[in-house]
Ligand SMILES: [Zn+2]
């Protein structure tokens, strides 16, 4: 009895060993890329540091070696832009002829001298309790109201007083052309008001890294593979280690994206155009993905595979991953169907309470209607190294990373060929 079980175990073990090697994607290649991106030399890839610039140069070089082309009109793979970091030096307000507590005002502007009154013609919007289902959704709703092109005054219902200060987060960094916005903790628009603010600005230069494989027969239909290459930089030491290497978050996603680029470049049979993007500043507000999304026509994007934290085994073990926002488009079921018989399995996100769909770069394109989902294997409830200096390569399973990459490639086959098109995301 014992012997038989032992023998069965040996057979099973050898079977699973032979199944564990990815034939399509080399784990040695994955290790080479991951080792560089997560090395101490890059000092945690924080935006605005030399470390992230080295990472960008490396990713661009990998794209070139893989045979990707720069975007039309671009001279290279770096998609450069700036954000401004405002520092307020003055805020004054008069409402209906009397001084108004400036704690109840937030001014978002890229102008050094800003002034608004009742005659300025700003659009007026409101945030009422009915708009915000959970307290932590206030910021997201507010962000939506100020992400148009018009200057706006937002009246925030006074029941949000305890959370009002959190909206300051919206002015941590701004695009250079960000429209003016004023949040006023008030239930009514005052008949007369004057608000003055003065700011100084620090400019932060940022860059995404983007390459493409033009489609053979449907070049105007795009499929995006992406991850973010920024991380948290250097922080408070934990057990003597102060470098947040971000090996899993998200050097693993960038590694997977680059391996997919190599794979599809060799295949040379993509009907649709494939875009490969390494986003910057995900951890500090998603600026990379937002800038990227403004350079394309969302109607032409058929699907987005955003890859986040695929360096560890999922809760179901190897050969599996999950898709965030599974129910928001038909993309998940298309991927599952394409994986039938391959030995890989993609599941709906098992951590819906964590709102992962909204916490990564896919959300930016999803808000524009694109079937844009994040694929991950991270055990969000128990992942021990998440956002810690200990998120290092030695904690990752590189063979699994290669396998998950193969799974993503296979899952995308019918979308890349143009046979399947996921439904759009409706919010
Ligand atoms: Zn991440």
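General remarks:
- Calculated FRET efficiency for the pair residue 379/residue 340, C-beta based, R₀ 25 Å, to 0.05: 0.50
- Cβ crowding within 10 Å ranks 347, 77 as 347, 77, fewest other Cβ atoms first.
- Between residue 218 and residue 53, the simple spin-label model (points 7 angstrom out along Cα→Cβ) gives 4.1 nm.
- Spin-label model, residue 117/residue 133: points 7 Å from Cα along the beta carbon direction are separated by 4.3 nm.
- Between the alpha-carbon centres of region 274-319 and region 187-209 there is a gap of 28 Å.
- Förster radius 41 Å - calculated FRET efficiency between residue 242 and residue 177, Cβ distance, rounded to 0.05: 0.70
- 302, 24, 63 arranged by Cβ crowding within 10 Å, fewest neighbours leading: 24, 302, 63
- Projected label distance in nm at residue 299 and residue 150, using a 7 Å step from Cα toward the beta-carbon: 2.2
- Here the sum of -39500 (n - 2.57) over DSSP H runs of 4 or more residues, divided by the residues of the chain, equals -8000 deg cm²/dmol at 222 nm, to the nearest 500.
- Counting neighbouring Cβ atoms within 10 Å and putting the fewest first, the residues 238, 25, 393 line up as 238, 393, 25.
- Prolate/oblate/rounded label for region 221-280 (Cα gyration tensor, a/c 1.5): prolate
- When the Gaussian network model of the chain links Cα atoms closer than 10 Å, the mean-square fluctuations of 34, 383, 399 top out at 383.
- Within the listed set 378, 226, 252, the residue fluctuating most in the Gaussian network model of the chain (springs between alpha-carbon atoms under 10 angstrom) is 378.
- Fraction in percent of alpha-carbon pairs per bin - 20 Å, the chain: 25, 52, 21, 3, 0
- Pairwise FRET efficiency - residue 202 versus residue 65, Cβ, R0 = 51 Å, nearest 0.05: 0.90
- Between 216, 144, 315, the residue with the greatest mean-square fluctuation in the GNM of the chain (Cα pairs under 10 Å linked by springs) is 144.
Laboratory data are not the source of any read-out in this text; all were calculated from the coordinates shown. Note that this is a predicted model, so its numbers are computed, not measured. Heads up, the Cβs are rebuilt from the backbone with ideal geometry, glycines too, and the neighbour counts pull from every protein chain shown.
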